[in-house]
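K.L.:
Quick one: this structure, given as structure tokens, is what I'll be asking you about.
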Amino acid sequence: MKKILLPALILICSTGANLAMADGNDNKQKSIVGQIETIKVHELDLDFQARIDTGAKTTSIHATDIKVIGDKSNNMRDHLGDIVEFTATNENGEKAKYKGKIIKVSKIRNAQGVERRYAVKMDLGWNGEHKTVAVNLRDRSKLDYKLLIGRNWLSGDYLVDVDKKDEDD
């Protein structure tokens, strides 16, 4: 009987410790966002009606007049670390110019095919919370939402409730 009791006690104790450690890693309360949310892009001082898209890896903003300062190459990857200038426009037609450092060049696959896009870091705010993420630059003029929030913004901090409305905040 003692031979069975000791291993059973060890198993129960170690399982309880593992559960306690798992709970300790997930103490942070995640905020709940809906499919559409008002997001402030702090560098632009503009609010956007943003589409929350768990299928998109990276956040994307409507950018036009994209110019790399000192452009010397046709290869977009040669511009990593350079400064890019662009105009961002929200769904209300409000515009802001921005200059930022190119932090990555992404290869994006979508319904139109494959394209390369520059990405800059931007501080995105929702309900007083801030999160700085990579935002890729794309002409979204034909799309309803000028800001698409991807998993890089959601990850670790937000859950999506498809029934939640923006006005519920």
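K.L.:
Keeping to the stretch 142-169, report how many residues are basic (K, R) and not in a loop (DSSP other than H, G, I, E, B). Full working, then the answer.
P.N.:
Residues of the stretch 142-169 that are basic (K, R), as a first pass: 142, 146, 151, 164-165.
Adding the requirement that they be not in a loop (DSSP other than H, G, I, E, B) leaves 151.
Selection size over the stretch 142-169: 1.
K.L.:
Provide a single number: the residues in the stretch 54-67 that are open to solvent by 50 Å² or more (accessible area, probe 1.4 Å), on the phi < 0 side of the Ramachandran plot and not aliphatic (A, V, I, L, M).
P.N.:
At the first step, the residues of the stretch 54-67 found to be open to solvent by 50 Å² or more (accessible area, probe 1.4 Å) are 54-55, 57, 65-67.
Those still in the list that are on the phi < 0 side of the Ramachandran plot too: 54-55, 57, 66-67.
Now drop any that are not not aliphatic (A, V, I, L, M), which leaves 54-55, 57, 67.
Matching residues across the stretch 54-67 total 4.
K.L.:
Considering only residues that are touching a residue at least 24 places away in the same chain (Cβ under 8 Å) and of a type in the set (S, T, N, Q), which ones fall in the stretch 73-125?
P.N.:
T87, T89, N90, S106
K.L.:
Further question on the same structure: Please go through the stretch 68-86 and give me each residue that is surrounded by fewer than 15 Cβ atoms within 10 Å (Cβ to Cβ) and within 14 Å of R138 (Cα to Cα), ordered by number.
P.N.:
Correct list: E85 only.
K.L.:
Determine, yes or no, whether V133 is of a type outside the set (K, R), within 19 Å of S31 (Cβ to Cβ) and part of a strand (DSSP E or B).
P.N.:
Details: of a type outside the set (K, R): yes; within 19 Å of S31 (Cβ to Cβ): yes; part of a strand (DSSP E or B): yes.
Judged against the criteria, V133 is a match.
K.L.:
Of all residues in the stretch 145-169, which are over 12 Å from the mean Cα position of the chain (by Cα) and either open to solvent by less than 50 Å² (accessible area, probe 1.4 Å) or farther than 20 Å from F86 by Cβ (or both)? Before the answer, list the steps.
P.N.:
The initial filter retains those residues of the stretch 145-169 that are over 12 Å from the mean Cα position of the chain (by Cα), namely 145-146, 159-169.
Of everything in the stretch 145-169, those that are over 12 Å from the mean Cα position of the chain (by Cα) and either open to solvent by less than 50 Å² (accessible area, probe 1.4 Å) or farther than 20 Å from F86 by Cβ (or both) turn out to be K146, L159, V160, D161, V162, D163, K164, K165, D166, E167, D168, D169.
The values are calculated or read from the model by the stated rules, or taken from the named source; none is laboratory data. No experiment lies behind these values; they were computed from the predicted model shown. Every residue, glycine as well, gets a Cβ built from its backbone with ideal geometry; the counts of neighbours run over all protein chains shown. To get the accessible areas, we keep the full protein, side chains included, count just its heavy atoms, and leave off ligands, DNA and RNA. Shrake-Rupley method; radii C 1.70, N 1.55, O 1.52, S 1.80 Å.
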